[in-house]
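Read through the structure below, which is laid out as structure tokens, and then see the notes.
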Amino acid sequence: PAASADFRFASGQENLSGRVAFLQHGGALFQLLSYGSPQVWDGYRDTVQGALASFRPLNDATYLNVQPARIQLTTVPRAMSLSDFIARQGAQEWAEQVRDLNRLEGDPNLRAGQLLKVPTGGRLPAGE
């Protein structure tokens with residue numbers, strides 16, 4: 001960070017502890033603020049400080065070429081279970097998100113022609 005500092009704030013019965021950091025990137029100045037009650041802040045201070053210190057330019061093409069996750073509307077080609085549909089889409093790592101996006105529980109049977117939202121892209125390189 002360009003600059004950072006710990007702070008404490010008290011107003012009446014409200015007390016907060018935290019850290020503020022300022023980062024410069026691409027001609028813009030960003031303020032990052034993290035805080036919590038004094039009782040829990042001590043347990044998070046080192047983690048937050050490490051996270052703030054980790055900001056740096058990304059130059060690794062392996063990560064720069066990762067495509068953002070998107071939602072694709074997909075038509076179920078024939079009657080099948082949700083697990084069969086997920087396997088057919090190659091979306092096993094997205095199974096829970098597919099359930100959440102489509103408000104489905106368990107492994108329901110799907111109708112032919114039913115539209116489902118399926119996440120695509122957003123995959124990090126192997127081992128990440």
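The values are calculated or read from the model by the stated rules, or taken from the named source; none is laboratory data. Note that the structure is predicted; figures quoted are calculated from it, not measured. Glycine gets a Cβ as well: all are built from the backbone with ideal geometry, and neighbour counts include every protein chain shown. For the accessible areas, the whole protein counts, side chains as well, though only heavy atoms, and no ligand, DNA or RNA atoms are used. Shrake-Rupley method; radii C 1.70, N 1.55, O 1.52, S 1.80 Å.
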Any pair with Cβ under 8 angstrom, 6 or more apart, that starts in the stretch 94-112 at a residue that is touching a residue at least 12 places away in the same chain (Cβ under 8 Å) and under 17 Å from GLY122 (Cα atoms) and ends at one that is among the basic types (Lys, Arg) and outside any loop (DSSP other than H, G, I, E, B): VAL98/LYS117; LEU101/LYS117
Residue satisfying all of: in the stretch 36-87; of a type in the set (Ser, Thr, Tyr) and more than 20 Å from the chain's Cα centre (by Cα); most open to solvent (accessible area, probe 1.4 Å) among these: THR75
Scan of the stretch 26-35 for residues that are open to solvent by 80 Å² or more (accessible area, probe 1.4 Å) and within 22 Å of the chain's Cα centre (by Cα), ordered by number: PHE30, GLN31, LEU33, TYR35
Where ALA61 falls short, out of the listed (1) in contact with a Pro (Cβ under 9 Å, 6 or more places away or on another chain); (2) under 17 Å from GLY121 (Cα atoms): (1)
Residue count, the stretch 64-97 (criterion: touching a Pro at 6+ places or on another chain (Cβ under 8 Å) and under 29 Å from HIS25 (Cβ atoms)): 4
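A quick yes/no check of all residues on (1) modelled with pLDDT of 90 or more; (2) farther than 30 Å from ALA3 by Cα:
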| site | (1), (2) |
| --- | --- |
| LEU32 | yes, no |
| TYR35 | yes, no |
| VAL48 | yes, no |
| PRO57 | no, no |
| ALA69 | no, yes |
| THR75 | yes, yes |
| PHE85 | yes, yes |
| VAL98 | yes, yes |
| LEU110 | yes, yes |
Cβ pairs under 7 Å, 6+ apart, first in the stretch 3-18 and under 17 Å from ALA53 (Cβ atoms) and among the polar types (S, T, N, Q), second open to solvent by less than 60 Å² (accessible area, probe 1.4 Å) and in a strand (DSSP E or B): SER4/ARG19; SER4/VAL20; SER4/ALA21
